Every structure is written in structure tokens, then in C-alpha cells.
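The values are calculated or read from the model by the stated rules, or taken from the named source; none is laboratory data. Just so it is clear, the structure is predicted and the values come from calculations on it, not from any experiment. FYI the Cβ positions are ideal-geometry reconstructions off the backbone, even for glycines, and counts take in every protein chain you see. SASA here: full protein model, heavy atoms, side chains in, ligands and nucleic acids out. Shrake-Rupley method; radii C 1.70, N 1.55, O 1.52, S 1.80 Å.
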Amino acid sequence: MIKIICGGKGAGKTKQIIQAANSNVANAKGLSVFITDTKRYRYDIVRDVRFIDVNDYVVAGEDAFCGFVKGIVAGNHDTEYVYIDGIARITGKALPDLAATFYMLDKIAGDSGLIITITCSCEKENLPDFIAKYC
């Protein structure tokens, strides 16, 4: 399952996803992972959530990012929640160009029983259809 947190710049998307990660960890039966492209929020995430800055692993582009997420799931079969803050920044592509990424993340989530929450810097009414269906 994929969940989307959307809104314009400064709408509080990162606060929402951090709050979701921190509150869900208490009920999680498996691993929770928070993926972003900055260390800025490292100390806002509780210790029980695995914090990953993709810059530490030189993840560049949407194919590398999808492979990175697959690697997390393959290495930790008990992964239950994945939080992705700023998918467009991480992949280096605009939201309308990320159809293949969302298809792959949906497939990973479905095959693994993951709940993937993603922030998108875009108003809900302007989201591409392949993303809006998750709102």
C-alpha cells in the first residue's frame, strides 16, 4: 500500500511524515525505515525507526532508488513501514516523470506487504493521475 502526503512548499509535509513514522513505530510488528536526502531530521526520528540518508549510499536516479528500496526489503524481511521524504528530490526527477518509480514501489509494497508513505511537493489537485490514485 502506498500513502501520499502532498502539499506545496512549506505545507508541513515533512513534519507529517516524521510524526507518522514516530507514532506508527509503537504498533509496528516489523522494521520501520525513514528515507530522505538530508541528515537534517536525524534527531527528530525516534531511535526505533531506521533513518537513512540516501546521500550516504550515492543513490542517483530513479532506477538506483528503486533498487535501493528493494535492497532494504531483501535485507530485512520484516520491514513493515517505509517513509520516503521528498521522492522527487531523491530521484532527481519531476513528479510527472516518476510513473515507473511509483509502479515499482507499488509492486514492492504489494509483494512484501509494505506500507510506503511518500511526500510529494505538489497540491493534491495537480498530482499526476498515477500518484493521485494513492491519496
Tyr103 modelled with pLDDT of 95 or more, open to solvent by 70 Å² or more (accessible area, probe 1.4 Å) and touching a helix residue (DSSP H, G or I) at 6+ places or on another chain (Cβ under 9 Å): yes
Of all residues in segment 77-100 being free of Cβ contacts under 8 Å to residues at least 40 places away in the same chain and open to solvent by 40 Å² or more (accessible area, probe 1.4 Å), the one that is nearest to Phe51 (Cα to Cα): His77
Residues satisfying the stated conditions in segment 20-45, i.e. at pLDDT below 95 and of a type in the set (A, V, I, L, M, F, W, C): Val25, Ala26, Ala28, Leu31
Residues satisfying the stated conditions in segment 1-37, i.e. of a type in the set (Gly, Ala, Ser) and closer than 19 Å to Leu95 by Cβ: Gly7, Gly8, Gly10, Ala11, Gly12
Residues (touching a Leu at 6+ places or on another chain (Cβ under 8 Å) and either surrounded by fewer than 19 Cβ atoms within 10 Å (Cβ to Cβ) or of a type in the set (Lys, Arg) (or both)) located in segment 37-72: Arg50
Selection from segment 63-82 of residues that are under 20 Å from Thr14 (Cα atoms) and assigned to a helix (DSSP H, G or I): Phe65, Val69
Tally, over segment 26-36, of residues that are surrounded by fewer than 19 Cβ atoms within 10 Å (Cβ to Cβ) and either in contact with a strand residue (DSSP E or B) (Cβ under 7 Å, 6 or more places away or on another chain) or touching a residue at least 12 places away in the same chain (Cβ under 8 Å) (or both): 3
Pick from segment 9-25, criterion part of a loop (DSSP other than H, G, I, E, B) and in contact with a Ser or Thr (Cβ under 7 Å, 6 or more places away or on another chain), ranking: most open to solvent (accessible area, probe 1.4 Å): Lys9
Residues of segment 83-128 classified as within 17 Å of Met1 (Cα to Cα), part of a loop (DSSP other than H, G, I, E, B) and not aliphatic (A, V, I, L, M), total: 2
Inter-residue pairs, beta-carbon under 8 Å, first open to solvent by 80 Å² or more (accessible area, probe 1.4 Å) and in segment 113-135, second part of a strand (DSSP E or B), 6+ apart: Ser121/Cys6; Ser121/Gly7; Glu123/Cys6; Glu123/Gly7; Lys124/Cys6; Lys124/Gly7
Within segment 30-87, tally of residues that are in contact with an Asp or Glu (Cβ under 7 Å, 6 or more places away or on another chain) and basic (Lys, Arg): 1
